[in-house]
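The values are calculated or read from the model by the stated rules, or taken from the named source; none is laboratory data. Everything numeric here is computed off the predicted structure, so don't read it as measured data. When we count neighbours, we look across all protein chains shown, and the Cβ atoms used for this are built from the backbone with ideal geometry, even at glycine. Ligands, DNA and RNA are stripped out before the accessible areas are found, and what is left, the full protein with its side chains, is counted by its heavy atoms. Shrake-Rupley method; radii C 1.70, N 1.55, O 1.52, S 1.80 Å.
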Amino acid sequence: MSQDTPNQALDDMPLMSHFVELRTRFIRIFIALLVIFLALVGFSRDLYDFISNPLVALLPKEASLIATDVASGFLAPIRLTFFVALFIAVPFILAQIWGFISPALYKHEKKAAVPLLLSAIVLFYVGVAFAYFIVLVPALKFFVMFAPDNVLPMTDIDSYLNFVLKLFLVFGVMFEIPVATMILVLMRLVSVQSLADKRRYIIVGCFAVAAVVTPPDGASMLMLAIPMCLLFELGLFMAKMLVKDKPADDATPPLEQTP
């Protein structure tokens, strides 16, 4: 059997066996999440303090975070702990998904998929870190600074958690632009030249998306739009390298004419 063909054993497995393996991997993911969650749940208040410290530092001395619901003081840190556990478990979750689908891939597809998968994980973490350390404080400062003088800025802990999680998710997803660009080129849905020709429209689109998904301040929009443009250029550059390194004999040879 050629090394560039999918695993024949996978094709011979009955459908029920695939469901059994999928269930096993979901159970592993659930156990991993549960273990991480239980290990972190004792630090749930500390985790929430870590997330809320940027806002608390900007509030007036007489202001603070509030809980408008009886259970919010308990549920908000627990919910944050679950998302932190999910965030930490992302590599394990993707490894389980990869273990399920990789036997069905060709050898050259695996060689291309593994670097892209690792890059996607790293870029997502970088995007979340960028949102927390670079974007969060200016965005919060904008809201606190522009509050009317007769309004004391105090936010509900659930509302603040939703705001922060949305911000982290947006930046984590948007930092996947280089991976998405390379996937589009590798799948031949678009060409490198067509992306380069449409660069001006893509840049305008980046600013439009940033204006919609970020808080309504110019600083946050620029802090997302500019990295998006740079990440697109990085993805375009890497796609050019991949296309350039592709062997010429990959092209389909012309059909021989029969006499």
When averaged across all projection directions, what area in nm² does the alpha-carbon convex hull of segment 143-237 cover?
7.1
With loop defined by DSSP as not H, G, I, E or B, and exposure as at most 11 other Cβ atoms within 10 Å, which is the longest segment of the chain clear of exposed trypsin sites (Lys or Arg not before Pro)?
62-187
Apply 1/(1 + (r/R0)^6) to the Cβ-Cβ distance of residue 30 and residue 107, taking R0 = 30 Å, and write down the FRET efficiency to the nearest 0.05.
0.45
More than 27 angstrom separation, counting every C-alpha pair in the chain; what % is that?
55
The answer for the chain, counting only DSSP H helices whose Cα atoms cover 15 angstrom or more along the axis and whose Kyte-Doolittle average is 0.0 or greater, is 15-40, 72-101, 107-130, 157-174, 199-213, 218-245
Might you report the magnitude of the Cβ-based charge dipole of the chain about its Cα centre, with Lys and Arg at +1 and Asp and Glu at -1, to the nearest 20 debye?
220
Give the carbon-plus-sulfur fraction of the accessible surface of the chain in %, rounded to a whole number; probe 1.4 Å, heavy atoms of protein chains only.
71
With the Cα gyration tensor of segment 83-137 giving a ≥ b ≥ c as the square roots of its eigenvalues, does the rule (a/c under 1.5 for rounded; else a/b larger than b/c for prolate; else oblate) give rounded, prolate or oblate?
oblate
Please check the chain for the longest run free of chymotrypsin sites (Phe, Trp or Tyr not before Pro) that are loop-located per DSSP (anything but H, G, I, E, B) and have at most 16 other Cβ atoms within 10 Å.
147-259
Interchain or long-range residues, amide H under 5 Å from residue 66's placed H:
155, 156, 157
Students often get this wrong, so check it: of 141/166; 166/198; 198/240; 61/166, which have C-alpha atoms separated by over 21 Å?
166/198; 61/166
MRE, 222 nm, helices only [DSSP H, n ≥ 4, -39500 (n - 2.57), over the chain, to nearest 500]:
-24000 deg cm²/dmol
Size-normalised alpha-carbon gyration radius of segment 42-89, reference 2.2 N^0.38 Å
1.25
Could you tell me which residue out of 93, 52, 64 lies farthest along the dipole of segment 45-133 toward its positive end? Charges go on the beta carbon: Lys and Arg +1, Asp and Glu -1, centred on the Cα centre.
93
Between 40, 189, 231, find the one with the highest GNM mean-square fluctuation for the chain; connect C-alpha pairs within less than 10 Å.
189
